[in-house]
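Remarks on the structure that follows.
The values are calculated or read from the model by the stated rules, or taken from the named source; none is laboratory data. If you're wondering where the values come from, they're calculated on a predicted model, not measured in any experiment. Positions of Cβ are backbone-derived with ideal geometry, glycine not excepted, and every protein chain shown enters the neighbour counts.
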Amino acid sequence: MAKIAVIPGDGVGPEVVSVAVRAIEAVARARSLAFELVHFDYGADRYLRDGVTLPPGQIEDFRDHYDAILFGAVGDARVPDNRHAREILLALRFQLDLYVNFRPVQLLDERFCPLKGKGPSDVDLVVFRENTEGLYADVGGIFKKGTPDEIAVNEDVNSRKGVERIIRAAFDWAVAHGKKRVCMSDKSNALRFAHDLWQRAFREIAADYPQIEPRHLYIDALAMKLLETPEAFDVVVTCNLFGDILTDLGAALCGGLGLAASANLNPKAPRCRGLFEPVHGSAPDNAGKGLANPLAAVLSAALLLDNLGHAAEGAILERAVRAAVAASVLTRDVGGDRSTAEVGDYVVAEVERLARG
């Protein structure tokens, strides 16, 4: 039996995660899959109530006793420094060593794309973002804080191990999915030490995959090319900061963050190999108003099922999302007029129908 931890989190997180949970439960019933979903209340409410972000031993519990984590969002204005968000989400990414941030950039319908003349066949790529190093490693400090002489330093951490494994993961995925091109993006013309490592590792690893066409672009050039010719890319691999920015650009090409799914993965972990989350954030101002788009959460659940070895069931969730798009059963952010609950009901009903068929 697969055991899944569910952390809805803050803001609109509980609303969208509830739809994803219902979709998983629906396909599991129809296909006689044994899943145990265990819910946790970690988020701003819990933190403000008793000061708990993640209790001692919780990460080890997830690592040893769970197969995946379905995550909503964290972030709440009542916690001005967002400490709870860092100590929940970033702690899970770093301490579970979820070094792959996997982000599909897949256009579901031409009407969502802001680029003239581009359709689903043109915008269909994935981004492999290094997820545990770089500028997000939180190495640095502030000297003479609050004075005119203040100095703030953040260090960009790049290890040979970290760089090699994310690049190799990108090539392995390309081979497994019949893709022909992998593009590595850096800024080695300016960051001549850290990104020289990326350059050398990419060249060396690319030589092990002669069937894949390797390409390099500086990050600013890649951003421009994605807007001009997104069809020129199959797989992109890059560092933590650039990947964060680039994948939001990719989401914009597909209709916005309400359609953007993600997986935080460690393909070599013995058990808990992934945390799956929509990337739209907690949007606390929209909480409880029925405005949140649940489709990114359902697509994240599809990635979860796929990574648990249930690719056919994951595909059913994706097909249900595509059905909602085709029928224009959508929330306002993508041109619809339905509530979160209405979109959720439609998607779950489609999952049930498709799973029975």
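Descriptive notes on the structure:
- Just one of the listed residues (Ala190, Ala201) is surrounded by fewer than 24 Cβ atoms within 10 Å (Cβ to Cβ) and in a helix (DSSP H, G or I), namely Ala201.
- Any pair with Cβ under 7 angstrom, 6 or more apart, that starts in the stretch 73-96 at a residue that is touching a residue at least 60 places away in the same chain (Cβ under 8 Å) and ends at one that is acidic (Asp, Glu) and in a loop (DSSP other than H, G, I, E, B): Ala73/Asp10; Val74/Asp10; Gly75/Asp10; Asp76/Asp10
- Filter pass, Asp196 being assigned to a helix (DSSP H, G or I), assigned by TED's automatic domain parsing to the domain that holds Arg63 and either out of contact with any Lys or Arg (no Cβ under 8 Å at 6 or more places or on another chain) or surrounded by fewer than 15 Cβ atoms within 10 Å (Cβ to Cβ) (or both): no
- All told, Ile69 falls short of being in a helix (DSSP H, G or I) and in contact with a Phe, Trp or Tyr (Cβ under 7 Å, 6 or more places away or on another chain).
- Considered as a group, the residues in the stretch 141-167 that are in contact with a Gly (Cβ under 8 Å, 6 or more places away or on another chain) and among the hydrophobic types (A, V, I, L, M, F, W, C) include one that is nearest to Pro267 (Cα to Cα), and that residue is Val157.
- Criterion violated by Ser18 - all others in (1) more than 21 Å from the chain's Cα centre (by Cα); (2) at pLDDT 95 or above satisfied: (1)
- Residue within the stretch 142-154 that is crowded, with 17+ Cβ neighbours inside 10 Å, in contact with a helix residue (DSSP H, G or I) (Cβ under 6 Å, 6 or more places away or on another chain), on the phi < 0 side of the Ramachandran plot and not in a loop (DSSP other than H, G, I, E, B) present: no
- Test: Asp306 is among the acidic types (Asp, Glu), in a helix (DSSP H, G or I) and modelled with pLDDT under 95: no
- One residue alone among Gly281, Gly255, Gly250 is part of a helix (DSSP H, G or I), in contact (Cβ under 8 Å) with a residue 60 or more places away in the chain and small (Gly, Ala, Ser), and that residue is Gly250.
- Flag if Gly43 is out of contact with any Cys (no Cβ under 8 Å at 6 or more places or on another chain), free of Cβ contacts under 8 Å to residues at least 60 places away in the same chain, crowded, with 24+ Cβ neighbours inside 10 Å and at positive phi: yes
- Among the residues making up the stretch 83-112, those that are more than 17 Å from Gly274 (Cβ to Cβ) and buried (at least 16 other Cβ atoms within 10 Å of the Cβ) are His84, Ala85, Glu87, Val105, Gln106, Leu107, Leu108, Asp109, Phe112.
- Yes/no for Ala301 being under 18 Å from Phe71 (Cβ atoms) and either at pLDDT 95 or above or not polar (S, T, N, Q) (or both): yes
- Residues considered: Ala77, Ala73. Of these, the only one that is over 12 Å from the mean Cα position of the chain (by Cα) and small (Gly, Ala, Ser) is Ala77.
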